[in-house]
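A short write-up of the structure that comes next.
The values are calculated or read from the model by the stated rules, or taken from the named source; none is laboratory data. Owing to the predicted nature of the structure, the values given are computational and were not obtained by experimental measurement. Glycine gets a Cβ as well: all are built from the backbone with ideal geometry, and neighbour counts include every protein chain shown. Only protein heavy atoms, including side chains, enter the accessible area calculation; ligands, DNA and RNA are left aside. Shrake-Rupley method; radii C 1.70, N 1.55, O 1.52, S 1.80 Å.
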Amino acid sequence: MNNSIIVIEHWAVAEPDFGRQHLAARGYDVRVVEPWRGAILPELTGEETGVMLMGGPQYVTALDEAPYLVDEMRFAEAAMAKNVPLVGVCLGSQMIAHVLGARVGNHPDGAMAMGYYNVAPTDEGRRYIPDGMKVLAGNSQGWDMPSGVTALAHGELFANQAFQAGETTIALQFHPEVTRKILDQWQTEFADSIGRLGTHSIEEQDAGFDEYDQALKAWYMGFLDRWFGAGN
């Protein structure tokens, strides 16, 4: 087992996100791969500590516009087959759901999440997610719960928020990794989305960050340590 964690990114993020910073500080060899820029995914040996499929503006429902996502989903399948610990965040969770045969698509009312929302863990989900947690979300698509997985959390806007597939794959529809600088980037680059049904104003997002980010980051540190520690 080596200590490498492969992080697949999908956009020009303003800075390494909190998860990448935390894992690097823990001594992991964090290897960022960007297929959207033309980078080629490595061959998985099965000895990696983990793989993270991160969020981005692409859509699983528009693979003709982002054909590299097909290779990424094959990569995710390989990670699952080799029992490499895998985490999917937002778009990453949607790709995992798609691989597992679930429908991915827009909110039935055309709503979009951008702000802080409640998530409610299932009984099984309380192993990972505490009651009363508020999370940052930014998505206009979500997924149906794949068959054969363990549902971990549900949400107030998009119904499905987290699941576990087998022992080594977990999907999170929300964004615990976003730093203040990245949230600023969201508010600038995706400003046209603010005001859509379901989204929160910039002022509400800022207030949510001030109130909930510290607890969310503490949770995320513990989650990453636990999830990838199991692979060492």
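Any residue in the range 150-175 that's of a type in the set (Phe, Trp, Tyr): show its pairings with residues that are part of a loop (DSSP other than H, G, I, E, B) and open to solvent by less than 10 Å² (accessible area, probe 1.4 Å) at Cβ separation under 7 Å, as long as the two are six or more apart or on different chains.
Pairs found: PHE158/GLN173; PHE163/PRO146.
Give the residue that is nearest to the chain's Cα centre (by Cα), with candidates limited to residues of the range 159-191 that are aliphatic (A, V, I, L, M) and assigned to a strand (DSSP E or B).
So the residue we want is LEU172.
Which residue out of THR169, THR188, THR122 is at pLDDT 95 or above, over 20 Å from LEU23 (Cα atoms), open to solvent by less than 60 Å² (accessible area, probe 1.4 Å) and of a type in the set (S, T, N, Q)?
THR122 is the lone residue from the list that is at pLDDT 95 or above, over 20 Å from LEU23 (Cα atoms), open to solvent by less than 60 Å² (accessible area, probe 1.4 Å) and of a type in the set (S, T, N, Q).
Take the range 150-163 and flag every residue that is in contact with an Asp or Glu (Cβ under 9 Å, 6 or more places away or on another chain) and over 19 Å from GLY55 (Cβ atoms).
Scanning the range 150-163 gives THR150, ALA151.
Of the conditions (1) under 27 Å from PRO16 (Cα atoms); (2) hydrophobic (A, V, I, L, M, F, W, C); (3) open to solvent by less than 10 Å² (accessible area, probe 1.4 Å), ALA111 fails just one. Which one is it?
(1)
For the range 44-67, how many residues meet the condition of being surrounded by 14 or more Cβ atoms within 10 Å (Cβ to Cβ) and without any contact (Cβ under 8 Å) to a residue 12 or more places away in the chain?
1
Here is a list: VAL70, VAL32, VAL87. Which entry is of a type in the set (A, V, I, L, M, F, W, C), touching a strand residue (DSSP E or B) at 6+ places or on another chain (Cβ under 8 Å) and open to solvent by 30 Å² or more (accessible area, probe 1.4 Å)?
Within the list VAL70, VAL32, VAL87, the selection yields VAL32.
Only one of (1) surrounded by 17 or more Cβ atoms within 10 Å (Cβ to Cβ); (2) in contact (Cβ under 8 Å) with a residue 60 or more places away in the chain; (3) acidic (Asp, Glu) is not met by GLU9, so which one is it?
All conditions pass for GLU9, except number (2).
Determine whether SER147 is open to solvent by 50 Å² or more (accessible area, probe 1.4 Å), out of contact with any Asp or Glu (no Cβ under 9 Å at 6 or more places or on another chain), among the polar types (S, T, N, Q) and touching a residue at least 12 places away in the same chain (Cβ under 8 Å).
When the stated conditions are applied, SER147 passes them.
Within the range 124-152, can you find the residues that are farther than 22 Å from GLN205 by Cα and hydrophobic (A, V, I, L, M, F, W, C)?
Hits for the range 124-152 are TRP143, MET145, VAL149, ALA151, LEU152.
More than 23 Å from LEU157 (Cα to Cα), touching a Pro at 6+ places or on another chain (Cβ under 8 Å) and either open to solvent by 10 Å² or more (accessible area, probe 1.4 Å) or not in a loop (DSSP other than H, G, I, E, B) (or both): does that describe ASP131?
no
Looking only at the range 192-232, count every residue that is open to solvent by 40 Å² or more (accessible area, probe 1.4 Å), in a helix (DSSP H, G or I) and farther than 28 Å from HIS22 by Cα and tell me the total.
Summing the residues that are open to solvent by 40 Å² or more (accessible area, probe 1.4 Å), in a helix (DSSP H, G or I) and farther than 28 Å from HIS22 by Cα in the range 192-232 gives 1.
For the range 17-27, check the following and say yes or no: at least one residue is of a type outside the set (A, V, I, L, M), more than 30 Å from GLN187 (Cβ to Cβ) and surrounded by 13 or more Cβ atoms within 10 Å (Cβ to Cβ).
no
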